[in-house]
Each structure stands twice: as C-alpha cells, then as structure tokens.
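*Asks:* First, the structure itself, so that you have it in front of you.
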Amino acid sequence: MLKNREIILGVSGGIAAYKSVELLREMTKKGANVHVVMTQNAQQFVTPLTFQTLSGNPVLCDMFRLLEDSKIGHVTLADIADLMVIAPATANILGKIANGIADDFLTTMVMATKVPVLFAPSMNVNMWHSSFVQNNVERLKAHGYQFVDPIEGDLACGSVGKGKLADIEEIVEKIEDIFTKKDLSGQHVLITAGPTLEPIDPVRYITNRSTGKMGFALAKMARRRGAEVTLITGPHYLSLPRRDIPQIVVNDARQMHEAVKHYFEDCHIVIMAAAVADFRPQDCLTEKITKRKNGTYLLEMDRNPDILKELGEKRRNHILVGFAAETSELMENAGVKLKEKNLDLIVANDVTQAGAGFGVDTNIVKILDAQGKVRKVPILSKDEVADIILDQVVKLVKKKEKDLPWPRNW
Ligand code: PMT
C-alpha cells in the first residue's frame, strides 16, 4: 500500500515528536518516500537532522524556501504528495488549521493541499477534552480531515487519561486504510479466529495450536476494505487488529456456536478461520482430578456442534468461507469439507509445511471454490493471504449482486 507513495509527515511541537521518528521509519520500511515538515516548536523536541538522515530528504521548516535540493525541483510538495500525516498534532496546530490560520510552512501546506490529511493528536488529557479542542476536531472532521484519536495512558505531564499519541502501528494502519479501495463497503463480515478451550476440570483444558493470527489478519484486511467486521475469537495473546472491530471473546466451542448464531442473521459473509475443537470432555469436573498411583485416566468425549456445517444448512444469500487445516491429503479433505458444509470457498493449509498454519506470521494456502477451481497462494504474510482470500470473496459478492432479483434483499 505504501510502496512509492509520496507522504508528507508534519511534526508539530509536542513531547510525542520523538515518536514521529518511529512513524517515519515504519513508513519508509514499507516503501514510502517521506518528506518531513517541522514547525518551529517541533524543532525544540527533535532536530531536523534526525528526520533528514532517516528520510533521505531535506526537512522543511522555513516558510518560503523552495525545494532546491530535492528531485522534485520547484514543484511544491503539496501538489505531488499522496497524503499528509500530522503526528503529533498539538492543540495549537489543530486550532490554527480549523480556523484558517496559515502562518508557517506546515499550516500553509495543509491549507494548500488537496490530498487527504490525517491528524494524530497528542496532548494533555484536559486539553484534549476541552471544548475548544473538541470543537476544532469536529470542525476539521466536517471538512473531511481524518483522525487517529489519541489513546488513554500515562501522559508526559504526569496525568493519566486520553491524550497519548495512538500507537504507531495504528497510525500506519490508518494510512494504509486511506489508500485502500473500499470494495467491501456495505458488507457485514463475521470472522472467527483462534482456538477453543474445552475444560476438563477447574485447572485443565484441551486446546490446539491456533493463535488467532490468520483470523485477525482477515478481520483487519476486511475492515480496511470497508466492511463492517465482527470478530469472534477464542482466547488469544494478540493485540487487537483495530479499535473499530468489535471483538467477542469466547472460551469453548459451544460459546463460539452461540456467538456465531447470534450474528449470523445480520451478516452477509462468514469466514471461519477458528480452529474449533470437534470434541469436548463429557463432563467438566468441579474438583481438580487427583493423581492416582500407577493409574491411567480415561477421558470420555462428546461431539461439539459443527458450527460451519449448521451455517451451511441455514444459509440464504450468505457467502460462507471455511478453512481446512490438514496434515495429509490436503485437497481431498478440503474438498469433502467444502461439500459437506455447503461452502463457497475453503482455504486449505497444510500445517506440516514450514511457514504455514499455526502460530507463524505467514501462510501457504490453496483456495478451492464450489466449482472445483483451485487458486494456489505461495508463502506470504497472513495479511497478504487474507487480502487474496478477500479478493475471491469480493468476486462472489459481485456475482451475487448481479444474480439477486431487484430489490436486492440479502
Ligand atoms: O490461528 P493461527 O495460529 O494463525 O493458525 C491459523 C489456522 C491454522 C488455525 C487457520 O489457518 C485454519 O486452518 N483454521 C481452521 C482449522 C481447523 O480446525 O480446520 P477443520 O478442518 O477442523 O475445520 C474446518 C472448518 O470448519 C473450519 O473453518 C472450522 O472453523 C469449522 N469448524 C470446525 C469444527 C467445528 N466443530 N465447527 C466448525 O465450524
């Protein structure tokens, strides 16, 4: 998304200015060409030399200086940029721009540019909640400016509350979101992720190796493409992919079943990446099982509901996507699951392959559709694999929209 993009990073004068250095590095790592513009006050916190060294571009601080040393010659940055990000955005810079004041290079550039502008504010909690700042933020939003709101935390001034610069990961995610085509807008996507934990007694359970990474990647990419996303996940140790994805955490397969049933009617697309346990111990004992001398212990198991199979029976115009984690006969097994569960697509991963399946950040998959067509996806990050799966989903959405009678009633 950021490859070869020209991005202007505006840095205003707050203590979080040092975090803009990390933001710059993340954007350049992803292939963007970043031009830094600093206010006078920002230079009190970080020197222009730091940004210049890391961006490889001259840092602009001076109001009337033309860009002599840059490859773009006298063409102004505001014209060639794809995006402006102002991080940190202080109460002062928000106030100036919201009220049409352009008295330095950064504010002038914001006024002059026609490209999307993203603000990542950071300030003292009382300043953030003050009616002046909130009115300015509302005013800027009404004019189409975009925001990554600050988060709660310990602030540099010693107070605690909302005012901390959003995590760099979240700012980068918002930037990628701005560049993404919203081809899933209007669609409600239900995604399951992670393992289930089937209790044996108060201290033990049966589970599997799923971490939730594949499902979380799908949730993030679907949201980025404009879908309304609901994420139902088993227990996990991951950070939330985005603040605007509601997350329902369940423990066992029966809880996942209830949660999925609750959301199924109102969604258009279901993608089940969760590794749901097929069996659960017959009884969850209320007391811890004690060790028996030289004895074995026989655990009796009951079948869990097959959630996806049930959805396949109930579906109307839903699009259903399943996963198949296999250790042998990958496509044969995946094909049987696709038919038995009445799915549109099944994503088969051979979990014995290095770089595929549980726990890793990559996956290697084959996507099988109901017509028997297979798309092979080589080793890629789970985000990239998620995007390719969603490309197939978008094709199905378009086909369904064409086939549905008017008025289109999902
Ligand atoms: O979470 P990660 O660490 O990133 O790992 C990713 C993954 C390996 C878990 C993921 O890529 C994956 O393959 N998920 C499905 C694993 C699985 O359990 O497959 P299955 O063959 O048992 O189930 C087939 C399909 O039916 C799945 O979509 C599953 O969610 C669903 N199912 C299974 C059992 C059950 N009782 N109810 C179900 O709905």
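*Asks:* Taking 0.36 nm per residue of sequence separation and subtracting the Cα-Cα distance, how much length would be gained by fully extending the chain between F279 and F132, in nm to one decimal?
*Replies:* This chain segment gains 47.2 nm when fully extended.
*Asks:* Label T290 and L380 with points 7 Å out from Cα along Cα→Cβ: what is the distance between them in nm?
*Replies:* Label at T290, label at L380, 5.7 nm between them.
*Asks:* Please give the charge dipole size of the range 6-178, origin at the Cα centre, charges +1 on K and R Cβ atoms and -1 on D and E Cβ atoms. Round to the nearest 20 debye.
*Replies:* 220
*Asks:* Taking the range 150-227 as the region of interest, what is the percent of Cα-Cα pairs per 5 angstrom bin, listed from the shortest bin to the one with the maximum distance?
*Replies:* Percent of pairs per bin, in order: 3, 12, 13, 13, 13, 13, 13, 12, 6, 1.
*Asks:* Further, regarding this structure: Which one of P199, A32, L298 has its Cα pushed farthest toward the positive end of the charge dipole of the chain, where Lys and Arg give +1 and Asp and Glu give -1 at the Cβ?
*Replies:* L298
*Asks:* What ranking of L155, L285 comes out by heavy-atom accessible area, probe 1.4 Å, highest first?
*Replies:* L285, L155
*Asks:* Return the sequence-ordered ³J(HN,Hα) values of the range 338-345 in whole Hz as given by the Karplus equation 6.51 cos²θ - 1.76 cosθ + 1.60 applied to θ = phi - 60°, using x for Gly and Pro.
*Replies:* Taking θ as phi minus 60°, the curve returns 4, 6, 4, 9, 6, 9, 8, 9 Hz for the range 338-345.
*Asks:* With n ≥ 4 as the cut-off for DSSP H runs, can you work out [θ] at 222 nm for the chain, using -39500 (n - 2.57) per run divided by the number of residues, rounded to the nearest 500?
*Replies:* The helix-only estimate for the chain comes to -9500 deg cm²/dmol at 222 nm.
*Asks:* Per the Debye formula with a single identical scatterer at each Cα and no solvent contribution, what log10 I(q)/I(0) holds for the chain at q = 0.08, 0.11, 0.12 Å⁻¹?
*Replies:* For the chain at q = 0.08, 0.11, 0.12 Å⁻¹, log10 I(q)/I(0) is -0.56, -0.91, -1.00.
*Asks:* Below 8 Å between Cα atoms, with a sequence gap of 6+, how large is the relative contact order for the range 6-178 in percent?
*Replies:* Answer for the range 6-178 is 22 percent.
*Asks:* Tell me the angle of helix 253-264 to the major Cα principal axis of the chain, expressed in degrees between 0 and 90 and rounded to the nearest ten.
*Replies:* Orientation of helix 253-264: about 60 degrees from the principal axis.
*Asks:* Using a Debye calculation, one point per C-alpha and no hydration shell, please list log10 I(q)/I(0) for the range 6-178 at q = 0.13 Å⁻¹ in order.
*Replies:* Each listed q corresponds, in turn, to -0.57.
*Asks:* If you keep only loop residues by DSSP, which GluC sites (Glu not before Pro) in the range 200-270 have at most 13 other Cβ atoms within 10 Å of their Cβ?
*Replies:* E265
*Asks:* Here is a further query. Over the chain, what is the mean sequence separation of C-alpha contacts under 8 Å (at least six apart), divided by residue count, expressed as relative contact order in percent?
*Replies:* Relative contact order, the chain: 10 percent.
*Asks:* Can I ask one more? Does the range 273-357 classify as rounded, prolate or oblate by the C-alpha gyration tensor (a ≥ b ≥ c root eigenvalues; a/c under 1.5 gives rounded; else a/b over b/c gives prolate, otherwise oblate)?
*Replies:* Note, shape of the range 273-357 comes out oblate.
*Asks:* Which chymotrypsin sites (Phe, Trp or Tyr not before Pro) does the range 178-279 hold that lie in a coil by DSSP with at most 11 other beta carbons within 10 Å?
*Replies:* In loop regions of the range 178-279 (DSSP not H, G, I, E or B), the sparsely surrounded chymotrypsin sites (Phe, Trp or Tyr not before Pro) are Y237.
*Asks:* How much length, in nm to one decimal, is gained on full extension between D403 and Q44, taken as 0.36 nm per residue of separation minus their Cα-Cα distance?
*Replies:* Full-extension gain reported as 123.1 nm.
*Asks:* Round to the nearest 10 and give me the degree value, 0 to 90, for the angle of helix 213-224's Cα axis relative to the longest principal axis of the chain.
*Replies:* 50
The values are calculated or read from the model by the stated rules, or taken from the named source; none is laboratory data. Bear in mind the structure is a predicted one, so any value in this text is a computation, not a measurement. Glycine gets a Cβ as well: all are built from the backbone with ideal geometry, and neighbour counts include every protein chain shown. Remember, those area values only see protein heavy atoms, side chains included, never the ligands or the DNA or RNA. Shrake-Rupley method; radii C 1.70, N 1.55, O 1.52, S 1.80 Å.
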